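Okay, so here's the structure we're looking at.
The values are calculated or read from the model by the stated rules, or taken from the named source; none is laboratory data. Note that the structure is a prediction, hence the values are computed from the model and not measured. Glycine also receives a Cβ, built like all others from the backbone with ideal geometry; neighbour counts cover every protein chain displayed. Each accessible area value is taken on the protein alone, full model and side chains, heavy atoms only, with ligands, DNA and RNA left out. Shrake-Rupley method; radii C 1.70, N 1.55, O 1.52, S 1.80 Å.
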Amino acid sequence: MDPVQDNPNGVPLAGAPVGADSSTADLSALLKRASRGDTEAFAAVYDATAARVHGLVLRVVRDRAQSEEVTQEVFLEVWRQSSRYDAERGSALAWLMTIAHRKAVDRVRSAEAASRRDEKYEQRNHTPDHDTTAEAAHASFEAHRVRAALAHLTEVQREAIELAYFGGYTHTEVAALLDLPVGTAKTRIRDGLIRLRDTIGVGR
């Protein structure tokens with residue numbers, strides 16, 4: 001019996017692991033095999049990384065049911081896009097965790113957009129008092145300034161800051177997720193914060 005079963009979305013779920021261990025070095029080779037349609041190799045990738053992917057997604061999304069959905073979306077994309085992984089641009093784990101973080105952030109943004117639609121509906125059907133309106137406007141303005149400032153960071157700075165401050169990870173955890181020395185991760189976060197502060201300060 002084939003140990004790998006396909007779920008309704010077409011992603012082969014993990015069954016019995018392949019005879020490779022779960023080290024980061026093996027993930028690159030497993031992804032290459034998966035890109036050629038090897039479902040057992042993909043199952044091994046899933047077994048080795050599913051817990052870490054779900055942990056990252058949960059810390060960003062902060063909702064268990066949605067996190068499970070996003071985790072499946074992550075592995076669906078990994079299965080479909082495994083041929084695009086380039087070992088020369090970084091480790092397999094960093095590539096996979098970047099996909100996970102992007103998917104999680106997308107889900108949060110989607111939820112925020114839905115919340116804004118609900119708020120607009122409430123505003124059209126209710127008349128809030130002046131203080132509440134002013135407070136909401138100020139919060140929206142500040143959030144917009146932060147999002148605009150993030151766009152001025154380099155990709156590596158933005159990635160490190162999003163993990164540290166939106167994902168809630170420590171500097172050591174950020175370094176592990178991005179496959180970097182701790183000192184390098186700290187430098188990226190520090191430089192990004194300085195640039196973020198300076199960018200926001202320009203608008204004051």
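Using a cut-off of 14 Å between beta-carbons, work out the net charge of the residues near residue 193 (Lys and Arg +1, Asp and Glu -1, residue 193 not included).
Details: positive: 158, 186, 188, 190, 195, 197; negative: 159, 162, 191, 198.
My count for the surroundings of residue 193 gives +2.
In nm, what is the difference between 0.36 nm times the number of residues separating residue 83 and residue 50 and their Cα-Cα distance?
Details: separation 33, 0.36 × 33 = 11.88 nm, distance 1.93 nm.
Here the answer is 10.0 nm.
Heavy atoms only, probe 1.4 angstrom, no DNA, RNA or ligands counted: give me 101, 54 ranked by accessible area, highest first. Could the numbers behind the result be given before it?
Details: 101 15, 54 45 Å².
Heavy-atom accessible area, descending, gives 54, 101.
Need one number: nm distance between label points at residue 98 and residue 125, each 7 Å from Cα along Cα→Cβ, rounded to one decimal.
Label at residue 98, label at residue 125, 4.4 nm between them.
Multiplying the sequence separation of residue 191 and residue 113 by 0.36 nm and subtracting their Cα-Cα distance, what value in nm do you get? Intermediate values should be presented prior to the final figure.
Numbers: separation 78, 0.36 × 78 = 28.08 nm, distance 2.99 nm.
Here the answer is 25.1 nm.
For residue 32, which lysines qualify as cross-link partners when the Cα separation must be under 24 Å and same-chain residues fewer than eight apart are set aside?
Straight-distance partners of residue 32: 103.
Each residue of the range 105-117 in order: what ³J(HN,Hα) in whole Hz does its phi give by Karplus 6.51 cos²θ - 1.76 cosθ + 1.60, θ = phi - 60°, with x for Gly and Pro?
Per residue, the Karplus-derived 3J(HN,Hα) values read 5, 4, 5, 4, 5, 5, 5, 5, 5, 5, 5, 5, 5 Hz.
Working out 0.36 nm times the residue gap between residue 152 and residue 165, then minus their Cα-Cα distance, what length gain in nm do you get to one decimal? Walk me through the numbers before you get to the answer.
Details: separation 13, 0.36 × 13 = 4.68 nm, distance 1.68 nm.
So the chain would gain 3.0 nm between residue 152 and residue 165.
Go through the range 79-91 residue by residue and turn each phi into a ³J(HN,Hα) via Karplus (6.51, -1.76, 1.60, θ = phi - 60°); whole Hz please, and just put x for glycine and proline.
Per residue, the Karplus-derived 3J(HN,Hα) values read 4, 6, 10, 4, 5, 8, 5, 10, 4, 6, 9, x, 6 Hz.
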